[in-house]
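The values are calculated or read from the model by the stated rules, or taken from the named source; none is laboratory data. Given the structure is predicted, the values throughout are model-derived calculations rather than measurements. Heads up, the Cβs are rebuilt from the backbone with ideal geometry, glycines too, and the neighbour counts pull from every protein chain shown. Calculation scope for accessible area: heavy atoms of the full protein, side chains included, ligands and nucleic acids excluded. Shrake-Rupley method; radii C 1.70, N 1.55, O 1.52, S 1.80 Å.
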Amino acid sequence: MDSLTVVLNALPAILAGSFVTIGNVTASLAMGLVLGVPLAVGQVYGNQWVRRLVALYVWFFRGVPILVLLFLCYGLFISLGLPADPFLICCLVLGCTSTAYQSQIFRGAIESLPQGQLKAARALGMRDLTGIRCIILPQALRLSIPGWANEFSILLKDSAICYVLGTQDIMARTSFVAARTHEHLALYAAAGLIYFVLTLVVLKLLRRLEDKVHVPGYSTGMGMEGMGVG
């Protein structure tokens with residue numbers, strides 16, 4: 001059986017794993033977004049202790065390899081007698097890691113805005129939280145789209161390592177078929193192509209979102225054109 005036939009026969013199973021991969025990445029990105037924004041706000045506007053705690057969190061999850069975090073979290077679940085579901089553990093680890101990175105994306109976007117905007121909100125009688133929620137964050141989130149797109153592409157590639165815990169994602173299914181057919185090169189090339197297509201499609205969608213929310217004549221930093229997404 002030649003390589004092309006093996007790939008074509010295995011393609012439905014590998015593509016089925018893409019739904020697991022997409023679910024993992026989507027859950028992790030959502031967790032990073034929900035937790036990353038408050039961390040970014042705390043790091044910019046919080047007191048000294050809040051800034052130190054956020055910096056410690058970011059330092060830990062950016063400094064420890066994802067593979068180590070996966071094994072640590074898996075061992076923690078086992079030691080606590082909790083069900084060690086591989087998909088859940090992967091979502092938690094990637095979500096916590098993405099939270100650290102996204103918090104810095106949002107922090108940079110917030111700090112790129114004119115500093116007088118919050119003072120102007122206070123002058124209008126707004127509370128700080130109201131000014132941040134209604135004035136600062138809408139602008140910061142819009143400016144964060146290129147960095148958020150970059151985080152998606154990184155997270156998608158990082159998710160490939162989750163197969164070591166037994167998640168039935170693209171890499172796990174590819175590895176299983178390759179071990180049985182010994183067509184490693186062709187099968188992993190097909191898996192890489194699937195990752196590439198997923199990345200390209202989502203980056204195109206985010207580019208459309210960036211164009212839709214773009215304010216003509218107002219931009220700080222590099223848009224997605226600089227990332228090679230046209």
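May I ask for the angle, rounded to the nearest 10°, between helix 145-158 and the longest principal axis of the chain, with both axes built from Cα atoms and the value confined to 0 to 90°? Helix 145-158 and the main axis of the chain meet at about 30 degrees. Normalising the Debye intensity of region 14-53 to I(0), with uniform scatterers on Cα atoms only, and taking log10 at q = 0.24 Å⁻¹ returns -0.73. With all protein chains in place and ligands, DNA and RNA left out, the 1.4 Å accessible area ranks LEU70, LEU209 as LEU209, LEU70, largest first. Once all protein chains are placed together, VAL164 keeps about 60 Å² accessible to a 1.4 angstrom probe.
Skip the ligands, DNA and RNA, and give the accessible area per residue of the chain with a 1.4 Å probe, whole Å².
Values: 12590 Å² over 230 residues.
It amounts to 55 Å² per residue over the chain.
With both labels modelled 7 Å from their Cα along Cα-to-Cβ, the VAL213 to LEU129 distance reads 2.3 nm. In summary, the aspartates and glutamates within cross-link reach of LYS157, defined as a Cα separation below 14 angstrom excluding same-chain residues under 8 places away, comprise ASP169. Taking a straight Cα-Cα cut-off under 16 Å and skipping sequence neighbours fewer than 8 places away in the same chain, the lysines within cross-link reach of LYS212 are LYS204. Among the cysteines of the chain, CYS73, CYS91, CYS96, CYS134 have no other cysteine beta carbon within less than 4.7 Å of their own.
For ARG122, ARG127, the ranking by accessible surface with the largest value first comes to ARG127, ARG122, using a 1.4 Å probe.
Figure the gain on full extension for LEU15 and LEU185 (residue separation times 0.36 nm, minus the Cα-Cα span) and round it to one decimal in nm. Let's see the in-between values first.
On the way: separation 170, 0.36 × 170 = 61.20 nm, distance 1.73 nm.
Separation in residues times 0.36 nm, less the Cα-Cα distance, equals 59.5 nm.
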